[in-house]
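Just below is one structure, and these are the notes that go with it.
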Amino acid sequence: MDENLGYRSLQEILRQKLHQAILGGQYQPGERLNINKLAKYYNVSPVPVREVLRALEAEGLISFTPNRGAVVKALSIDELRETFAIRIVLESLAAREAGSHLTKNDLKRLDQLIAEMDKTVDTSAWLSLNQDFHLLIYQAASLPRLCHIIVSLWAIARPYLGVFMTEVDNLAKAQTEHREIVDAYRRNDAGMASVIIEQHLTDTRNVVMSAFERAERVKQSLPADLTQKK
């Protein structure tokens, strides 16, 4: 990475790269982020890395602990449950408000995103396309503060969504619901679109929570020395 791009520009590029790496699952919840190793990997000095990690801490993606330094934030099961509870309410609201604002071109683009999701086999790419699908709808609501809150909640929950991708049935059901959402908007039935999105998110929550609970039970059954990260 060329540090001659300027400090602010370099920092923003680095923030974007680390942000995408965390959301894409390159760094897992609970994983330690070594500043010197990251600096070497991205070919920059430790100073912008340290500043970027602090920015990501403010976004809720990173936490700093006394003995381990920067760590990808790991949610508790209660935090995960709360995140989805808020998402369901806010995204249902955004879906209702978007109804009268979505254009024919918007609906055509939603169809294209569904088709792209059908073709992709990459987890990170599918999740990004899924995010683009929902973001297009929510931005149409013309409620920027609401949309900002929703996106921030996505960032918190996304590292846990990989488990949703492990079952073909989950993806098939999600794609069916995506098509039903677009069909509802074509019928000018924003209320139904909102109901489908609420169920869509509830199903996702149930899958993620079940996987989280299973992982916690396995972790608790292991000897303490096997559950500690180096």
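The values are calculated or read from the model by the stated rules, or taken from the named source; none is laboratory data. Being a predicted model, the structure only gives us computed values, none of them experimental. As a convention, Cβ positions derive from the backbone with ideal geometry for all residues, glycine included, and neighbour counts pool all protein chains shown. For the accessible areas, the whole protein counts, side chains as well, though only heavy atoms, and no ligand, DNA or RNA atoms are used. Shrake-Rupley method; radii C 1.70, N 1.55, O 1.52, S 1.80 Å.
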Give me a count of the residues in region 59-78 that are touching a helix residue (DSSP H, G or I) at 6+ places or on another chain (Cβ under 9 Å) and either in contact (Cβ under 8 Å) with a residue 60 or more places away in the chain or assigned to a loop (DSSP other than H, G, I, E, B) (or both). 8
For Ser124, work out the one condition from (1) among the polar types (S, T, N, Q); (2) surrounded by fewer than 17 Cβ atoms within 10 Å (Cβ to Cβ); (3) at pLDDT below 85 it doesn't fulfil. (2)
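Residue by residue, here is whether (1) open to solvent by 70 Å² or more (accessible area, probe 1.4 Å); (2) farther than 30 Å from Tyr185 by Cα; (3) modelled with pLDDT under 90; (4) under 21 Å from the mean Cα position of the chain (by Cα) holds:
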site	(1), (2), (3), (4)
Gln11	no, yes, yes, no
Gln20	yes, yes, yes, yes
Arg68	yes, yes, yes, no
Arg96	yes, no, no, no
Leu102	no, no, no, no
Going through region 127-152 one residue at a time, which ones are open to solvent by 30 Å² or more (accessible area, probe 1.4 Å) and in a loop (DSSP other than H, G, I, E, B)? Ser142, Leu143
Which numbered condition in (1) open to solvent by 80 Å² or more (accessible area, probe 1.4 Å); (2) more than 16 Å from Gln20 (Cβ to Cβ) is the only one that Tyr41 fails? (2)
